[in-house]
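Report on one structure; see the data block that follows.
The values are calculated or read from the model by the stated rules, or taken from the named source; none is laboratory data. Because the structure is predicted, anything quoted here is derived from the model rather than measured. Note: ideal-geometry Cβ built from the backbone for every residue, glycine included; neighbour counts use all protein chains shown. Ligands, DNA and RNA are excluded from the accessible area calculation, which covers all protein heavy atoms including side chains. Shrake-Rupley method; radii C 1.70, N 1.55, O 1.52, S 1.80 Å.
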Amino acid sequence: NSDYAMYQAKKMGRNTFYFYSERELGSINPLSIEMDLHSALERNELELHYQPKVSLKTGEVVGVEALMRWNHPKWGMVSPATFIPIAEESGLIVSVGEWALRTACLQNKRLSSQGYEIVMSVNLSPRQFNKINLVQTIENILKETELQPQLLELEITESMTTNIEQTIGTLHELKSLGVKISIDDFGTGFSSLNYLKQFPVDTLKIDQSFVRELSNKDDETIVKTIISMAHNLNLNVVAEGIETKEQVEFLKQHLCNEGQGYFFSKPVPEVELMGNIQQIQENPAKLGVTVEPIQ
Ligand code: C2E
Ligand code: MG
Ligand code: MG
Ligand code: MG
């Protein structure tokens with residue numbers, strides 16, 4: 001869609017050359033995205049889609065990540081890569097993010113009452129993470145939805161950490177609620193290993209940019225290094241963006257715990273989630289039995 005393409009080009013910044021046609025210029029106003037987003041919640045235009053996380057050892061679905069989608073009346077499905085930054089800048093992320101947390105917890109409560117004990121991951125953006133009442137909000141949502149805290153995981157990124165002491169404090173408070181915490185897009189931020197050691201987190205998620213280029217020796221080294229570092233720090237490690245069998249085999253061989261990506265499943269709407277989990281579960285052969293982990 002050209003509106004959308006133009007919006008993406010604009011988002012890339014002033015140094016990007018892009019030729020706008022008269023028609024295109026007339027048809028979009030980035031401010032209108034913000035205005036529309038304002039009412040998106042009330043109009044029920046937001047949805048969560050769910051992408052499974054699979055144990056590379058057993059082939060079981062051990063978790064699901066909730067990813068926000070906006071079904072815009074004019075533009076159709078808008079990617080969170082587009083609207084989350086706008087929501088973040090305008091402060092709307094707080095209400096939108098709270099909606100996502102509550103919806104994801106309700107969904108996981110439904111799964112757990114049907115016998116699926118899996119961890120539901122929800123992404124937090126910096127503004128949400130630094131909001132003074134975050135811990136209270138999450139505690140309330142857990143109470144309301146009656147979800148066991150250990151079945152909720154919060155995905156944060158290295159860019160949350162503008163004030164290290166405060167970040168460590170918040171992480172400890174969140175951990176004391178009983179929820180899990182993972183560092184998303186790991187390897188793309190700039191946090192020092194010294195901080196990492198002090199963060200009470202459970203999991204590192206290797207950024208998909210490294211997983212995508214596993215045929216590249218440098219990225220291969222980075223992935224191996226992150227896996228062994230995670231294990232040395234007693235952390236679980238997940239690879240995101242897995243698309244091929246070769247990537248699975250490499251990751252299995254280097255004892256990466258879990259994987260997520262189109263190879264297993266794209267993010268799916270709520271109605272497809274249960275069937276999707278069953279399908280992956282029933283087809284462990286997809287993981288292959290040829291690669292024996294190195295002991
Ligand atoms: P993320 O948390 O790192 O999510 C991973 C992104 O990679 C998702 O994009 C997912 O659909 C995509 N992906 C998964 N597997 C593959 C694969 O095999 N190949 C490729 N090419 N892509 C894959 P999506 O859904 O567009 O989300 C983009 C980002 O938007 C997320 O990155 C996250 O940072 C943010 N986001 C999404 N939902 C929320 C939310 O509810 N709250 C907040 N604060 N941020 C969100
Ligand atoms: Mg994530
Ligand atoms: Mg990520
Ligand atoms: Mg990301």
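Here are the numbers for the structure shown:
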read-out	value
Qualifying lysines (Cα of each under 25 Å from Cα of Lys217; at least 8 residues distant if same chain)	Lys57, Lys205, Lys245, Lys252
Normalised per residue, the volume of the convex hull around the Cα set of the chain (Å³)	150 Å³
Where the chain is the region considered: accessible area per residue in Å², 1.4 Å probe	50 Å²
Along the chain, longest interval not containing exposed trypsin sites (Lys or Arg not before Pro), exposed being DSSP loop plus at most 13 other Cβ atoms within 10 Å	75-295
Assigned charges on the beta-carbon of Lys, Arg, Asp, Glu; segment 111-203 dipole about Cα centre (debye)	200 debye
Quarter of the Cα convex hull surface for segment 44-196, i.e. its orientation-mean projected area (nm²)	10.2 nm²
Cα-based Rg of segment 72-161 normalised by 2.2 N^0.38 Å, two decimals	1.16
Descending semi-axes in Å of segment 208-286, equivalent ellipsoid built from Cα gyration tensor	25, 14, 11
Longest DSSP-loop-exposure-free segment, chymotrypsin sites (Phe, Trp or Tyr not before Pro), the chain, at most 15 other Cβ within 10 Å	21-189
Cβ charges +1 (Lys, Arg) and -1 (Asp, Glu), total dipole of the chain, debye	60 debye
Rg ratio (alpha-carbon, reference 2.2 N^0.38 Å) - segment 138-272	1.12
Length released on extending from Asn140 to Glu47, taking residue separation times 0.36 nm less the Cα-Cα span	31.3 nm
Theoretical gain in end-to-end length, Ile132 to Asn234 [0.36 nm per residue, Cα-Cα removed]	33.8 nm
